[in-house]
1. Among residues belonging to the stretch A:306-315 that are part of a loop (DSSP other than H, G, I, E, B) and away from ligand 1 (no atom under 16 Å from the Cβ), point out the one that is nearest to A:R334 (Cα to Cα).
2. Pairs under 8 Å by beta carbon, first residue surrounded by 15 or more Cβ atoms within 10 Å (Cβ to Cβ) in the stretch A:279-292, partner hydroxyl-bearing (S, T, Y), six or more apart or different chains?
3. Take the residues in the stretch A:293-323 that are open to solvent by less than 40 Å² (accessible area, probe 1.4 Å) and within 8 Å of ligand 3 (Cβ to nearest atom), then tell me which one is farthest from A:G184 (Cα to Cα).
4. Can you go through A:A102, A:A204, A:A118 and tell me which one is away from ligand 2 (no atom under 16 Å from the Cβ), closer than 23 Å to A:Y222 by Cα and open to solvent by 10 Å² or more (accessible area, probe 1.4 Å)?
5. Mind checking whether some residue in the stretch B:30-37 is at pLDDT below 90 and either in contact with a Pro (Cβ under 8 Å, 6 or more places away or on another chain) or of a type in the set (A, V, I, L, M, F, W, C) (or both)?
6. Please return the ranges of helices (runs of 4 or more DSSP H) entirely within the stretch A:137-193 where 3 or more residues are open to solvent by 20 Å² or more (accessible area, probe 1.4 Å) and away from ligand 3 (no atom under 16 Å from the Cβ).
7. Free of Cβ contacts under 8 Å to residues at least 24 places away in the same chain and either of a type outside the set (D, E) or open to solvent by 10 Å² or more (accessible area, probe 1.4 Å) (or both): is that true of A:R242 in this structure?
Amino acid sequence: MAEAPFGLLAELTHRCPLQCGYCSNPLELVRREAELSTEDWRRVFDQARSLGALQVHLSGGEPLLRPDLPELVAHANSLGCYVNLVTSGVGLSRDRVRTLAARGVDHVQLSLQDATKAGNDRIAGIKAFDRKVEAAAFVLAEGLPLTVNTVLHRQNLDNIAGIIAMAEQLGAERLELANTQYYGWALRNRAVLLPTRKQLAVAAPIVAAAQARLKGRMEIVYVIADYHEAHPKPCMYGWGARQLTVAPNGDVLPCPAASVISSLQIENVLSASLHEIWHDSPSFNAFRGFDWMQDPCRSCPRKEIDFGGCRCQAFQLTGDAAATDPVCSLSQDRSTVDLILETEMEPAPVPAMAMAMRKMR
Amino acid sequence: MLEAVPRIRRGVKCTYDQIREAHVVLFPEGVLVLNETAASVVALCDGVRSIGDIAVVLADEYSGVEPSDVAALVSRLVERRVVDVDG
Ligand SMILES: C[S@@+](CC[C@H](N)C(=O)[O-])C[C@H]1O[C@@H](n2cnc3c(N)ncnc32)[C@H](O)[C@@H]1O
Ligand code: SF4
Ligand code: SF4
């Protein structure tokens, strides 16, 4: 039997007031009518807890758009789970934070699109910056720990020092600087998002210096730009190993992007229990462990470290979800990634607004 | 190091997991499943007792607990951002 998962990523809705072109949500967003009900989510949390999950990440889209959010927080909390609210901050009023804190939110992860108001609001597609600054203050006032998450790409990587300074100013305990992962809208907008080698080279020492300077005050987690690396990321720490995702319509996914793998038969919480899906479904067992691997992964010692990389990326770039992640220098398809870098990684030929904005309210 | 006073960080939750039948520490980045000794140490990281004090308490409960073992465990917990130390 597979080991129990530690976390549930609950994508409560795909609706969102923001329109980030880097959003990793799928291109086919779940409509409001198809969202799970409050009762369904309560049952999902019950099942996740009895399966072993101890962390519930409430995300989306924008989770604050669900009027039942306080009730869902209270329910996850009553089960003994650690409740993490992942939000753009838009809609996080003082009262809202107070209610959510009282119901049992343990931690807030706030996204920030850029260092300045102008940059932030251009990427977000709406005036969001001032509301994020306010939201951060409300979170701190309730005594909740705050992580700021900024997704990095060609449009904001040059402002990395300013982003770090802004996160400090907001009072974050942690800052995640996550280079864009190319799924969903981000994949669609890759040509305006891919950073240049020069940008990454300039950013690296700035991040390292800030990590040293802020040690003990603000932890900075830097997520690499995997297209530019020689080895893939340890995606999800293995397929069906630590976490499961439930999409707004109840689809249960081994990783948030897995709906792109068209060969995968996706299960839904409306027709099966999480226990059955986690342990017995073909989708969760498809890439579990090491037996599914082909060479070079199969005979590579690094498979214990990176699990062969990302299945969604393998599928997206090679058409075979069981292939070695093509960002790996040992992959026979690495040339595909190199070609993308050569042809797309140019200084923005077009302004950021040329991105397809992710829109669904 | 033995005078250092460890304290569970803000935003970190310590509970017992009925499913795994183990004490666990929950924090934004993850979950730590604790063995019995580690659970006893975590329970004593109250911001008052020093590492030396914790070792004395544990010596009553378990045989062969060295202050250096406690110090090593605490520094691993600091690395995982589960506890802070003053002093
Ligand atoms: C999809 S968002 C949903 C929650 C909320 N709307 C927000 O933006 O914080 C969840 C997290 O993923 C991050 N994210 C979004 N797109 C990403 C991408 N392409 N690569 C890496 N992280 C991404 C966001 O910054 C956020 O921290
Ligand atoms: S559009 Fe932006 S704010 Fe909305 S879900 Fe996507 S990343 Fe989060
Ligand atoms: S061959 Fe596979 S296991 Fe080896 S480094 Fe590349 S992706 Fe990782």
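The values are calculated or read from the model by the stated rules, or taken from the named source; none is laboratory data. Remember, predicted model here, so these are calculated numbers, not experimental data. Every residue, glycine among them, receives a Cβ derived from its backbone with ideal geometry; neighbour counts consider all protein chains shown. The accessibility values were calculated without ligands, DNA or RNA, using every heavy atom of the protein model including side chains. Shrake-Rupley method; radii C 1.70, N 1.55, O 1.52, S 1.80 Å.
1. Once the filter is applied, the top-ranked residue is A:G308.
2. none
3. Once the filter is applied, the top-ranked residue is A:C300.
4. Exactly one of A:A102, A:A204, A:A118 is away from ligand 2 (no atom under 16 Å from the Cβ), closer than 23 Å to A:Y222 by Cα and open to solvent by 10 Å² or more (accessible area, probe 1.4 Å), namely A:A204.
5. No, that holds for no residue.
6. A:160-170, A:184-188
7. When the stated conditions are applied, A:R242 does not pass them.
This table checks each residue for (1) part of a loop (DSSP other than H, G, I, E, B); (2) more than 14 Å from chain B (Cβ to nearest Cβ); (3) open to solvent by 20 Å² or more (accessible area, probe 1.4 Å); (4) away from ligand 2 (no atom under 16 Å from the Cβ).
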site	(1), (2), (3), (4)
A:I220	no, no, no, yes
A:Y227	no, yes, no, yes
A:S259	no, yes, yes, no
A:S262	yes, yes, yes, yes
A:S271	yes, yes, yes, yes
